[in-house]
Amino acid sequence: MSGHSKWATIKHKKALVDAKRGKIFTKLIKELTVAARMGGGEPANNPRLRKAIDDAKGQSMPNDTIKRAVQRGTGEIEGASYDEVLYEGTGPAGTLFLVEGMTDNRNRTVAEIRKIFEKHSGVLGGAGTAGWAFDKKGLIAIPKSAATEDQLMEVAVGAGAEDYADAGEEWSVSTPPDQLGAILDVLEKAKIQAKGNLAYLPKTKKAISGRDAEVSLNLVDALDDHDDVQNVFADFDVSEEELQKLS
């Protein structure tokens, strides 16, 4: 029986990994399709599509799958048409959330997102509920092995980056949103490995702990797990000590 039990556990773990991988692929395919629709199917002229292709390849997505997603975006082949959506809501202890999504059925998605908020002591609000508390920025992650602080100052800040911070094993560089692509291009030419994306950064962070932290983190996970959600941004901060307790 122990052998059977072990096999069942392995199968269960593999199913979870496959399901997670499937969700990641779903989100990447939507981004590829929308990026191609918005800016055309040529990566050299479309920084958003170029990044989406890099992300897809980073997850070992087959080239044929990438090609079909791009062709659906440009209209070369038929497929679902996705709309970009942004939801705003509140969570426990007055925490604020912005949820970026892509959907082919707005009514279905908003109902499901509302249910997720309600299940985790939150409320899905209207436009303006949370957006005021965030700044939209370009955010670039650079491994410390790829650049020294001097190189960062010279190349990234020299190209128009606003600020940088030590994020452990990486440098975190913030940029004006409309300069993200140009600064990534400069870093690439300087042979500095970097990944970037647009993000909503909280103007101030709320420190939370205990049950509020647990429920807020569960809310983030539940939102992120939804197929139509691309990114979740929140204004709360949980200390390392508190995370250790919760884990």
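Figures for the structure shown
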read-out: Contour excess over end-to-end distance, with Cα ends at LYS144 and ASP224 and 0.36 nm allotted per residue; value: 26.0 nm
read-out: Cα centroid of region 37-58 to Cα centroid of region 80-109, whole Å; value: 23 Å
read-out: Gained length - GLN244 relative to ASN45, 0.36 nm times residue gap less alpha-carbon distance; value: 67.1 nm
read-out: Given charges at beta-carbon only (K, R positive; D, E negative), |dipole| of the chain in Debye; value: 1020 debye
read-out: Residue-averaged 222 nm ellipticity for the chain, from DSSP H runs of 4+ at -39500 (n - 2.57), nearest 500; value: -14500 deg cm²/dmol
read-out: For region 51-193, size of Cβ-based charge dipole, Lys and Arg +1, Asp and Glu -1, in debye; value: 580 debye
read-out: Distance in nm between pseudo-label sites at ALA207 and ASP83 (7 Å out along the Cβ direction from Cα); value: 4.2 nm
read-out: Unsatisfied cross-links (Cα-Cα over 18 Å) in the set LYS30/LYS67; LYS67/LYS191; LYS51/LYS195; LYS136/LYS205; LYS30/LYS191; value: LYS67/LYS191; LYS30/LYS191
read-out: Rel. contact order, % - alpha carbon contacts under 8 angstrom, at least six apart, the chain; value: 19 percent
read-out: 1.4 Å probe accessible area per residue over region 16-89, in Å²; value: 54 Å²
read-out: Within the accessible area of region 16-77 (1.4 Å probe), percent carbon and sulfur; value: 52 percent
read-out: Residues of region 101-220: accessible area per residue with a 1.4 Å probe, Å²; value: 57 Å²
read-out: Contour minus Cα-Cα distance for ARG108 and LYS57 (0.36 nm per residue); value: 15.3 nm
read-out: DSSP-assigned coil residues among trypsin sites (Lys or Arg not before Pro) in region 129-230, each with at most 10 further Cβ atoms within 10 Å; value: LYS191, LYS203
read-out: Per-pair calculated FRET efficiency, R0 = 51 Å: VAL123 and GLN193 via Cβ, rounded to 0.05; value: 0.80
read-out: Kyte-Doolittle mean at least -0.5, axial Cα span of 30 Å or more - DSSP H helices of the chain; value: 2-39
read-out: Net charge of Cβ neighbours under 10 Å - reference TYR82; Lys, Arg +1; Asp, Glu -1; value: -2
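The values are calculated or read from the model by the stated rules, or taken from the named source; none is laboratory data. Because the structure is predicted, anything quoted here is derived from the model rather than measured. Neighbour counts run over all protein chains shown; Cβ positions are idealised from the backbone, glycine included. Surface areas here come from the heavy atoms of the whole protein model, side chains and all, with no ligands, DNA or RNA. Shrake-Rupley method; radii C 1.70, N 1.55, O 1.52, S 1.80 Å.
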